[in-house]
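Input: a single structure, listed below in structure tokens.
The values are calculated or read from the model by the stated rules, or taken from the named source; none is laboratory data. All values reported here derive from a predicted model rather than from experimental measurement. Reconstructed Cβ throughout: ideal geometry from the backbone, glycine too, with neighbour counts over all protein chains shown. The area values use the complete protein model at the heavy-atom level, side chains included, leaving out ligands, DNA and RNA. Shrake-Rupley method; radii C 1.70, N 1.55, O 1.52, S 1.80 Å.
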Amino acid sequence: MGERWIPVLAAALGLIGGVAGAVAGGYIANQGQEQRFEEERAARIRDLRIDTYVRFLRAIEDEHSNAGDMPDALFLAAHAEVALLAGGAELRRAAAALTDEVVNYDPEQEQEYTQARDSFIELAHAEIEAST
């Protein structure tokens, strides 16, 4: 090989190496950005679930303190929000059971209400912790 081809070969190898490095760097940066977007999305969903569950529990307690009246629209809407955002069927069932306890409240069955509320809180807490 002649001396004049060595610089051309070196330049070609340098160009190929630079392009390969740029492609690899771009791929790695893109993967990192996608992961960051997924983590941000998961955090937003987690915050939305926390707000929804807290709003539901406030509506439950308010409705419970006004037992005997017709169910409040905010209370029913809060239950619907939980049904939409709950991560699993077990949590949706716990919310439905708690809603039933409040709608069909009997002062002699306060313990059932407390158990249903505590069950919902425990499942909601576990779901929130799992999404961290």
Report task. Could you state the angle between the C-alpha long axis of helix 89-103 and the longest principal axis of the C-alpha atoms of the chain, as a value from 0 to 90 degrees rounded to the nearest 10? Result -> 30
Requested in this report: Kindly provide the helix-only [θ] at 222 nm of the chain, computed as the sum of -39,500 (n - 2.57) over DSSP H runs of four or more divided by all residues, to the nearest 500 deg cm²/dmol?
Outcome: -30000 deg cm²/dmol
**Report entry** Folded to 0 to 90 degrees: helix 73-85 orientation relative to the chain principal axis, Cα
**Finding:** 40
Report summary line: Full extension between Q35 and D51 adds, at 0.36 nm per residue less the Cα distance, a length in nm of 3.3 nm
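Quick one: order H125, H64 from most to least accessible surface, probe 1.4 Å. Spell out each step's value before the answer.
Numbers: H125 110, H64 35 Å².
Descending accessible area places them as H125, H64.
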**Report entry** Carbon plus sulfur fraction of accessible area for the chain, probe 1.4 Å, in percent
**Finding:** 59
**Report entry** Debye intensity ratio in log₁₀ form over the Cα atoms of the chain, taken at each q of 0.14, 0.15 Å⁻¹
**Finding:** -0.71, -0.76
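What ranking, highest mean first, results for peptides 21-30, 76-85 when packing means the other Cβ atoms within 10 Å averaged over each residue? Please list the in-between numbers first.
Numbers: 21-30: 10.0, 76-85: 17.3.
Result, highest mean first: 76-85, 21-30.
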Report task. Would you mind checking the tilt of helix 110-130 against the longest principal axis of the Cα atoms of the chain, expressed as 0 to 90 degrees and rounded to 10? Result -> 0
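Over the chain, average the accessible area per residue using a 1.4 Å probe and give it in Å², no decimals.
Details: 9140 Å² over 132 residues.
Value for the chain: 69 Å² per residue.
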